[in-house]
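A.B. asks: Have a look at the structure that comes next, please.
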Amino acid sequence: MTWNLARGLVYLACLAASGLAMAGLAEFDLAMGTFDLKPLNLYALAGAGGGGVFSALAWLALLRSWGRR
């Protein structure tokens, strides 16, 4: 693994940790390097994510013209 790839992976991990912290799902301190993931309610996550998944599938069907004859 090259140093550029390793540095890029660290940047992506920090971006993901920051995103989780902004969403309120984690505590992240970049200066100290601490990351604490809060407990997740999988039922609420599935309920909230279901609408997004179905919307994405509907958009894909529209884009591909599925269902037309």
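A.B. asks: Could you give the dipole magnitude of the chain about its Cα centre, charging the beta-carbon of Lys and Arg +1 and that of Asp and Glu -1, in debye to the nearest 20? Don't skip to the end; give the middle numbers.
C.D. replies: Working: 5 positive and 3 negative charges, 125 e Å.
With Lys and Arg at +1 and Asp and Glu at -1, about 600 debye.
A.B. asks: State the extension gain, in nm to one decimal, for the chain segment bounded by LEU20 and THR2, taking 0.36 nm per residue of separation less the distance between their alpha-carbons.
C.D. replies: Numbers: separation 18, 0.36 × 18 = 6.48 nm, distance 2.74 nm.
That works out to 3.7 nm of additional length.
A.B. asks: Check which residues have an amide H placed less than 5 Å from ALA26's amide H, if you skip close sequence neighbours.
C.D. replies: Answer set, sorted by chain and number: ALA21, LYS38.
A.B. asks: Right, next: Helix 42-64: angle to the longest alpha-carbon principal axis of the chain, degrees 0 to 90, nearest 10?
C.D. replies: The angle comes out near 50 degrees.
A.B. asks: Same structure, new question: For the chain, what does -39500 (n - 2.57) per DSSP helix run (n ≥ 4), summed and divided by total residues, give at 222 nm, in deg cm²/dmol to the nearest 500? Intermediate results must be reported in sequence, preceding the final value.
C.D. replies: Values: 2 runs with 43 residues, N = 69.
Estimated from H runs of four or more residues: -21500 deg cm²/dmol.
A.B. asks: Continuing with the same structure: With volume of the Cα convex hull per residue in Å³ defined as stated, name the option among (1) 74; (2) 154; (3) 64 computed from the structure displayed.
C.D. replies: (2)
A.B. asks: Note the full-extension length gain between SER65 and MET32 as 0.36 nm times their separation in residues minus their Cα-Cα distance, in nm to one decimal. Display every interim value, and only then the final one.
C.D. replies: Working: separation 33, 0.36 × 33 = 11.88 nm, distance 5.01 nm.
Full-extension gain reported as 6.9 nm.
Every number here is computed from the coordinates shown, using simple stated rules; none is lab data. Computed from a predicted structure; not experimentally measured. Cβ sites come from the backbone with ideal geometry, for glycine too, and all protein chains shown count toward neighbours.
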